[in-house]
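Working notes, structure below.
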Amino acid sequence: MTLKNVFEKFTLSYLFGIVLALIIYIVDINLKISSVVLILSATLYSCTTYGKFHRYFLNKDEKTIVLFGFSIINLTIQILMMLIFIKVYPIEDPSKVILINIGVSVFVHPVIIFLSIILAEKQLIRKGFIKNEDIPNNKLKKDMGLFIVILFVVIALLAPLIATHDPKVINLPESLNTPTLDHIMGQDQNGSDIFSRIVHGARISLFTGLTVVFISSVVGIFLGLVSGFYGGLIDTVLMRIVDVLLAFPGLLLAIAIVAVMGPHILNVVIALSVLGWVSFARLVRGQVLAVKEREFVYAARTSGQSDLRVMFMHILPNIMSPVIVQATFSIAGVIIAESSLSFLGLGAPPGTPSWGLMLSEGTKELLDAPHVSIFPGAAIMLLVIAFNFIGDGLRDLLDPKTEKK
Amino acid sequence: MLAYITKRLILLIFVLYGVGTIVFFLIHMIPGDPVDIMLGDSAVAADKDELRKNLGLDKPVLTQYVSYLSGVVRGDLGTSIHSREKVLDEILERVPASFELMCGAMFIAILIAFPLGILSALKPYGFTDTVSMTVSFIGISMPNFWLGPILIIIFAIELDWLPANERGGFFNLILPAITLGTAMAAMLSRMIRSSLLEVLGEDFIKNARARGLSEKKVVLKHAMRNSMIPVITIIGLQVGVLLSGAIITEAIFDWPGLGSLLLDGINERNYPLVQGCILFIASIYVFVNLITDIMYAYADPRVRLQ
């Protein structure tokens, strides 16, 4: 299962949904019939997905086993989602069915595909068709994560096009309105459209995550290489600095730095980078120590290459895999850290559509409007899970030892 | 063992010195005049001068540095700006609440993690394993500032079973402790599972089974004891996560602990208090790490030689 396949499946599902919605729109059947058609079509679709996964895992056997047992579970999920959808978004006019159909595709199909994968796998292990280690589970996990991340990146890049409203517009009379078709995630305490704010917030989260990890990995790799390669005084000094920075648990130092520098997203980037390079430096140093006694390094040095060349052209490429894995997990960590700082009022300044800030403003209205805090929280969690998935998958792919365990 | 502890203690002094230095220079990172920021633009010049003198900001940086460090060594963390109380007293006042929250979170984490981890390891890739590992994956990815509000919505607002504000009796502790403890439970159960799985494949387990010991005895006595070593480390390291996670949890639940003291200090621009809190929390973390390392070295003698 490559990313291309997952991608194809999603595209197909969207096309399928849109075509169906168009037919419904043209024929203008009433709501009940159209939702039944929707449910049936989605179930059919998920059954075939499920079957495909089965065949994919079996690889040799064309007959799909126990397809029906689990398609019932899929059906139940689909019906539940559809009921929630219809309850939350009351439909007056059939043209809105298109929107709903796309909505169903967006929310339901990732869930269904993912559940299909897990269930198909487990079923096949239980039936003894495959052994546990035969499953390219981690690659799949990685692809799922990658898909979600790419989705968010696209959302972030095209934010002004995707957002249905201006995220900064304040509309106090409509504050804390629950979800409607116009505002699909409702409105916050200022009456701003939550969906549009979340779409724009993806920019902040991804920007912070990627920038901080870029800065800290570049600094950390350089210092780790130098420290491990030369050893001696440089190594001792750098590692003591690392020890001191590690003495601050988790976010504490970042909180302190942002507290004195003032709430601004760039200050958050600085504060998290100050902390971030430490783990990279330690990791790279350890790896360099393990690699630098190997023959190819000696060969490179005796052939008269400069130290810098040996470090960056010979050692670095050989130690990159754990660094990449670390970087992926770090992005997830930084996104949580940025949201935590914003949640505490120390990150993005008030009014910015940062997910953490939205969540913290939402918690003040928990009693009246829980939806204000639920949606941004879900966005944070989804993105973090996606990066963790990629990290998990990459780690097992790049390090065959852990996969066999 | 003694040599190991001595080595660690020397390192500890060095680390504490570094922490003190960073905390000292925090106040010099403030853009502009720190006194202006602390008192606001409208403050009287005489007040500003007094504060500047009290904080020692009129002296050269090196003198300030030496007097700050010597104060810290003597347990003098300075004076809080508005209340004019000793910073250390204000901190110590909040310690019981924080301690209570941490113990609660740790208790919840252990209560969840051990059964889940052990059950998962006994039947790897079975139903329980799948469910518990999925739950723990979600637990790791779920930020506690989202879990907290959701718990409040479900248990305090919708069901009205548990109180969700401030410190009080046992029931007030439950929701904050779950919020803080979930991430640790998730991490810990994965660790227990993998560690126990590894040990269960060792020869001495086969030997114990061959001797006809009951499965219960094999797992609980022979395997568990040997799989605990990495688990101890994780528990120790997670204390740090609890310490910083507590800041957010305390903010959600209005818990009068160290974390909310720190946040209050930041909001009031009471920098001596902020410095004191950070120094205090970091020192606790350093000491907990030291104790963890020593316990680890005690449990696994190979560590001492590294």
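Between A:ARG301 and A:ILE150, the simple spin-label model (points 7 angstrom out along Cα→Cβ) gives 4.3 nm.
Could you provide, to the nearest whole Å², the per residue accessible area of the stretch A:131-263 with probe 1.4 Å?
Ligands and nucleic acids excluded, the result is 40 Å² per residue.
Kindly provide the GluC sites (Glu not before Pro) of the stretch A:277-375 that DSSP labels as loop, not H, G, I, E or B, and whose Cβ sees at most 10 other Cβ atoms within 10 Å. In loop regions of the stretch A:277-375 (DSSP not H, G, I, E or B), the sparsely surrounded GluC sites (Glu not before Pro) are A:GLU293.
One way to sum up the overall shape of the stretch B:100-260 is the equivalent ellipsoid from its Cα gyration tensor, whose semi-axes run 34, 15, 13 Å, largest first.
How much accessible area per residue does the stretch B:100-260 have, counting only protein heavy atoms and a probe of 1.4 Å, in square angstrom? Let's see the in-between values first.
Details: 7130 Å² over 161 residues.
About 44 Å² of surface per residue is accessible.
Distant-in-sequence amide contacts of B:THR79, defined by a placed amide H-H separation under 5 Å and a gap of 5 or more residues or a different chain, comprise B:VAL87. In the stretch A:359-385, burial by the other protein chains removes 50 Å² or more of 1.4 Å probe accessible surface, compared with the chain on its own, from A:LEU366, A:MET381.
The mean count of C-beta atoms from other chains within 10 Å of the C-beta of residues in B:133-144, rounded to a whole number, is 4. Specify whether the C-alpha gyration tensor of the stretch B:222-306 places it in the rounded, prolate or oblate class, a ≥ b ≥ c being the square roots of the eigenvalues: rounded for a/c under 1.5, otherwise prolate if a/b is larger than b/c and oblate if not. The shape class here is oblate. For the stretch A:231-256, heavy-atom accessible area (probe 1.4 Å) falls by no less than 30 Å² from the chain alone to the full protein assembly at A:ARG240, A:ASP243, A:VAL244, A:ALA247, A:PHE248, A:PRO249, A:LEU252, A:ILE255, A:ALA256. Tell me whether chain B comes out rounded, prolate or oblate; compute the Cα gyration tensor, take square roots of the eigenvalues as a ≥ b ≥ c, and use a/c under 1.5 as the rounded threshold. Note, shape of chain B comes out oblate.
In whole angstrom, how far apart do the alpha carbon centroids of the stretch B:5-25 and the stretch B:154-227 sit? Taking the Cα centre of each part, the stretch B:5-25 and the stretch B:154-227 sit 34 Å apart. Expressed as a whole number of Å, what is the distance separating the alpha-carbon centroids of the stretch A:224-298 and the stretch B:244-290? Each part's Cα centre sits 24 Å from the other's. Extension gain, B:ARG8 to B:GLU50, is 10.9 nm, computed as 0.36 nm per intervening residue step minus the present C-alpha separation. Among the trypsin sites (Lys or Arg not before Pro) within the stretch A:293-329, those in coil by DSSP and having at most 15 neighbouring Cβ atoms inside 10 Å are A:ARG294. To put it simply, the accessible area of the stretch A:288-389 at a 1.4 Å probe is 63 percent carbon and sulfur. Taking trypsin sites (Lys or Arg not before Pro) as exposed when DSSP calls them loop and at most 10 other C-beta atoms lie within 10 angstrom, chain B has its longest site-free stretch at B:85-210. Determine the shape class of the stretch A:261-334: with a ≥ b ≥ c the square roots of the Cα gyration tensor eigenvalues, call it rounded for a/c under 1.5, and otherwise prolate if a/b is greater than b/c, oblate otherwise. Because a/c hits 1.5 or more and a/b exceeds b/c, the stretch A:261-334 counts as prolate. Using a simple spin-label model with pseudo-atoms 7 Å out from Cα toward Cβ, A:PHE207 and B:PHE127 lie 4.9 nm apart. The GluC sites (Glu not before Pro) found in the stretch B:194-261 include none that occupy coil by DSSP while having at most 11 further C-beta atoms within 10 Å. Do any residues of the stretch B:12-51 lose at least 10 Å² of accessible area when the full set of protein chains is present rather than just their chain alone, and if so which, with a 1.4 Å probe? Hits at the 10 Å² cut-off: B:PHE14, B:VAL15, B:GLY18, B:VAL19, B:ILE22, B:LEU26, B:MET29, B:ILE30, B:PRO31.
Tell me the carbon and sulfur percent of the accessible area for the stretch B:100-260, rounded to whole percent, probe radius 1.4 Å. Present the calculation step by step, with values, prior to reporting the outcome.
Details: 4770 of 7130 Å².
Answer for the stretch B:100-260: carbon and sulfur cover 67 percent of the accessible area.
Can you tell me the dipole magnitude for the stretch B:100-260 around its Cα centre, using point charges on the Cβ only (Lys, Arg +1; Asp, Glu -1), in Debye to the nearest 20?
Working: 11 positive and 11 negative charges, 195 e Å.
Around 940 debye, computed over the stretch B:100-260.
What average number of partner chain Cβ atoms lie no more than 10 Å from the Cβ of the residues making up B:190-197? The partial results should precede the final answer.
On the way: counts 0, 0, 0, 0, 2, 0, 0, 1.
Neighbouring Cβ atoms belonging to other protein chains average 0 per residue here.
Between B:ASP160 and B:THR21, residue separation times 0.36 nm minus the direct Cα-Cα distance comes to 45.3 nm. Here chain B is assigned +1 on the Cβ of each Lys and Arg and -1 on the Cβ of each Asp and Glu. Its dipole about the Cα centre then comes out at about 1800 debye.
To the nearest hundred square angstrom, how large is the accessible surface buried between B and A, total for both chains, probe 1.4 angstrom? Each step should come with its number before you reach the end.
Values: alone 16980 and 20170 Å², together 33380 Å².
Interface area, both chains combined: 3800 Å², rounded to the nearest 100.
The values are calculated or read from the model by the stated rules, or taken from the named source; none is laboratory data. Not measured: the values here are computed from a predicted model. Here Cβ is always computed from backbone atoms with ideal geometry, including for glycine, and neighbour counts include all displayed protein chains. Keep in mind that these areas ignore ligands, DNA and RNA; they rest on the heavy atoms of the full protein, side chains included. Shrake-Rupley method; radii C 1.70, N 1.55, O 1.52, S 1.80 Å.
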